[in-house]
Amino acid sequence: MSTAHDGHRHIVSISGGKDSTALAIYLRDKLAKVEYVFSDTDKELPETYEYLDKLEAYLGQRIERLRSEHGFDHWLKIYGGYLPSARMRWCTKVLKIRPFEQHIGDDPVKMYIGIRADENRGGYRPTKPNIIPVYPFIEAGYGLDDIHRILDESGIGFPNYYSWRSRSGCTFCFYQQRQEWVGLKENHPKAFEEAKRYEKIDPDTGTRYTWSERESLEELERPERIAEIKAKAELSRNINRIESKKLLNILGQDDDEFVEPCSFCHF
Ligand code: SF4
């Protein structure tokens, strides 16, 4: 990784998750001049804002908060009331990527991204030629253990939502696993109710506008369903401990539980 200031702005885009936070810490003393940005959808978890504040204090530098000129509700109308999904991820485009790309304009930029060497996921594909993505953890061969070490040694630790949710991102992010929706209901009931209000089922056509294709949040929050989800999550944890993923395949799994997360929002 070149740390020379070669006519580029050096920018770390922080998602509010552990990997991009570890990257900001890792780069703090390696780059003479670095900017930190966070694309705020205004649908973030309170824990994310707390974590950003903590990181800002550690870095001794402001994390610039970027916002779309229009909020989620505006874009939902533009997209015909279709909630974003893994197949139609308009939210990332208009609420995360576009504000970032507007912020940098036509300046030559090196954008530092926290994807790890032990991950198998695609990087950010800039739509502008002046942005060069850089992957310092991949270059350094850093995996999850290194991220733990960086966060522990800095004293920043993990975001508080990690006790019930595995990834950063919006309160209603459709990448959540079912037990994470249950976690949202239990930890942030108002945000869960807000997510529910976005769901619609057309009584005439039966068309469902729900965060998850297979069940609405109203269906998910039935006490017997919550008990089932919790039991299944516990079983998965036990199986993972014993025999890893092979058994999960045998026992079966909800199709949309393990989808590749968004590389701009969740790292
Ligand atoms: S966190 Fe999820 S809902 Fe929010 S912008 Fe990213 S993909 Fe969309």
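Before moving on, here are some points about what is shown:
- Any hit, the range 159-166, residues being within 15 Å of the ligand (Cβ to nearest atom) and open to solvent by 50 Å² or more (accessible area, probe 1.4 Å): yes
- Given (1) of a type in the set (S, T, N, Q); (2) closer than 19 Å to residue 264 by Cβ; (3) open to solvent by 10 Å² or more (accessible area, probe 1.4 Å), number of the condition residue 39 does not satisfy: (3)
- Of everything listed in (1) more than 23 Å from residue 91 (Cα to Cα); (2) crowded, with 22+ Cβ neighbours inside 10 Å, the single unmet condition for residue 170 is (1).
- When residues of the range 173-220 are limited to those that are within 16 Å of the ligand (Cβ to nearest atom) and among the small types (Gly, Ala, Ser), the one surrounded by the fewest Cβ atoms within 10 Å (Cβ to Cβ): 191
- Residues within the range 195-205 that are in contact (Cβ under 8 Å) with a residue 40 or more places away in the chain and not in a loop (DSSP other than H, G, I, E, B), tallied: 2
- Subset of the range 63-87 [of a type in the set (Asp, Glu) and assigned to a loop (DSSP other than H, G, I, E, B)]: 69
- Here residue 57 fulfils each of the conditions (1) in a loop (DSSP other than H, G, I, E, B); (2) open to solvent by 70 Å² or more (accessible area, probe 1.4 Å); (3) under 30 Å from residue 25 (Cβ atoms) apart from (1).
- Segments classed as helices (runs of 4 or more DSSP H), wholly inside the range 118-188, with at least 3 members that are at pLDDT 95 or above and in the same structural domain as residue 216 (by TED's automatic domain parsing): 178-187
The values are calculated or read from the model by the stated rules, or taken from the named source; none is laboratory data. Please read these numbers as outputs of a predicted model, since none were measured by experiment. Note that each Cβ is placed from the backbone with ideal geometry, even for glycine, and that neighbours are counted across all protein chains shown. Ligands, DNA and RNA are stripped out before the accessible areas are found, and what is left, the full protein with its side chains, is counted by its heavy atoms. Shrake-Rupley method; radii C 1.70, N 1.55, O 1.52, S 1.80 Å.
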